[in-house]
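What follows is one structure encoded as structure tokens, with my remarks underneath.
Every number here is computed from the coordinates shown, using simple stated rules; none is lab data. Predicted model, so just to flag it, every value in this text is computed and none were measured. Ideal geometry is used to build each Cβ from the backbone, glycine not excepted, and the neighbour counts take in all protein chains shown.
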Amino acid sequence: MSERPVTVIGFVPAALASLAEFRPDRSVILIEEPDVVRKRGVRAAAADAPVVREFGMRGLAPEPAAAEDKAPAHS
């Protein structure tokens, strides 16, 4: 039976090296916010890390209050 992948939310360069010590190649799914990806070179680091199986970016969810503010008023 193959191991399930682990999901890492948030990029820490040292974590990829540490995970490679005890996780098989292509066993980590890395998720990070788009601005961090741009500013810290996450895409290149993920591509260079054999342990990374998938790389994705997450967006910020709107605040619940913001959605309520935009809802039409009922009379």
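3J(HN,Hα) along the range 29-34, derived from phi through the Karplus expression 6.51 cos²θ - 1.76 cosθ + 1.60 where θ = phi - 60°, amounts to 9, 10, 10, 8, 6, x Hz, with x in place of Gly and Pro.
In order along the range 4-19, the phi-based Karplus estimate (6.51 cos²θ - 1.76 cosθ + 1.60, θ = phi - 60°) of 3J(HN,Hα) comes to 6, x, 9, 10, 10, 9, x, 8, 10, x, 5, 5, 4, 5, 5, 4 Hz; Gly and Pro are listed as x. Summarising the amide proton neighbourhood of Glu33: residues at separation of 5 or more, or on other chains, whose placed amide H is nearer than 5 Å comprise Arg58. Inter-label distance, Val12 to Arg40: 1.0 nm, where each label sits 7 Å from its Cα along the C-beta direction.
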